[in-house]
1. Among the residues of region 112-137, write down those that are open to solvent by 20 Å² or more (accessible area, probe 1.4 Å), of a type outside the set (A, V, I, L, M, F, W, C) and touching a helix residue (DSSP H, G or I) at 6+ places or on another chain (Cβ under 7 Å).
2. Taking region 214-227, which residues are buried (at least 17 other Cβ atoms within 10 Å of the Cβ), farther than 20 Å from Phe70 by Cα and touching an Asp or Glu at 6+ places or on another chain (Cβ under 9 Å)?
3. Do we have any residue at all in region 228-240 that's within 24 Å of Phe57 (Cα to Cα), open to solvent by 90 Å² or more (accessible area, probe 1.4 Å) and assigned to a helix (DSSP H, G or I)?
4. Only residues that are surrounded by fewer than 23 Cβ atoms within 10 Å (Cβ to Cβ) and either under 10 Å from Ser88 (Cβ atoms) or at pLDDT below 90 (or both): list them for region 191-208, please.
5. Residues to consider are Ile211, Ile259; find the one that is of a type in the set (A, V, I, L, M, F, W, C) and open to solvent by less than 30 Å² (accessible area, probe 1.4 Å).
6. If you check Lys200, Lys242, which single one turns out to be under 18 Å from the mean Cα position of the chain (by Cα) and among the basic types (Lys, Arg)?
7. Do you know which of the residues in region 93-104 that are surrounded by fewer than 15 Cβ atoms within 10 Å (Cβ to Cβ) and either under 20 Å from the mean Cα position of the chain (by Cα) or at pLDDT 95 or above (or both) is nearest to Leu56 (Cα to Cα)?
8. Determine if region 67-78 includes at least one residue that is under 21 Å from Cys133 (Cβ atoms) and either out of contact with any Leu (no Cβ under 7 Å at 6 or more places or on another chain) or in a strand (DSSP E or B) (or both).
Amino acid sequence: MNEILKVLDLNFLYSEETKNSEYTFGLKDINIKVIEKDLISVIGKNGSGKSTLIKLFSRINNPDSGKVFFRDAEILKYDKKDLSKFISYLPQMNDLTHFDSDVIDFLMLGRYPYKNFLDFGYTKNDTDEVLICSKITGIENLLAKKINTLSGGERQKVLLTLSLVQLGTADDLTGKLLIADEPLTHLDINHQIEIMNILKTLNEKGLTIIIVLHDLNLALKYTNKAMLISNGRVVKFSETDKVITEEMLKEHFFIDSKILNYEKNFFINYLPN
């Protein structure tokens, strides 16, 4: 299988001034290879570096040293507008309550990478792309609604649809990458399953996906690989059931557990201390 993303000797230092002190965090010696059509969960405790790492994958941040390659070329050498046709970053739940636009107009923003400097209008191809992506995510009934009237689950599906519009989902998804940072936060279980089912379907159509997840049972159920981050380092990156183990949960999350296999599906039973 072809590599879609490769990270070599990556280091990154993040500093932020707080009211009383300066907070410093670093990612150290990151070396990984992502294969096309992988569906990868990024897991680890809060503050371990998950969000920081995927922002480097997305070129939102740039490393202090080391290199990130996308499709055999260094990611920094891509024109950002061209790169956005192939990599889309879905952030943590955004507050869209201040948007008073219709959903369909909001989704048209995803067509920006396909426009030239003086092209301010939208074509039939743009509209068709929005309609195709809306059908994939099941939000056709929301297109005429105002974004600020939607529920949290509906808004998250709109944001996912925006990412698909940006990637040009009507075309072949092979060689394209969706990076999602905790897209299930604050969603109830039916919306969580709905989002994961959509991502699984897209992955089966060729889309490579890297997703930060806190629910390890969902990681076991949906992702074929898992990347465990601890203290700014990739501790293990392999098949999901080889990463999420009873020993790992004890060592890195400090909990006792029993992982059960029911009809070839794995479930974590968290045990009382």
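1. Within region 112-137, just Tyr122 meets the criteria.
2. Across region 214-227, the qualifying residues are Leu220, Thr223.
3. No, there is no match, as no residue in region 228-240 is within 24 Å of Phe57 (Cα to Cα), open to solvent by 90 Å² or more (accessible area, probe 1.4 Å) and assigned to a helix (DSSP H, G or I).
4. His191
5. Ile211
6. Exactly one residue qualifies, and that residue is Lys200.
7. Here the residue is Asn94.
8. No - not one qualifying residue is present in region 67-78.
The values are calculated or read from the model by the stated rules, or taken from the named source; none is laboratory data. These numbers come from a predicted model, not from an experiment. Every residue, glycine as well, gets a Cβ built from its backbone with ideal geometry; the counts of neighbours run over all protein chains shown. Accessible surface is based on the protein model in full, side chains and every heavy atom, while ligands, DNA and RNA are left aside. Shrake-Rupley method; radii C 1.70, N 1.55, O 1.52, S 1.80 Å.
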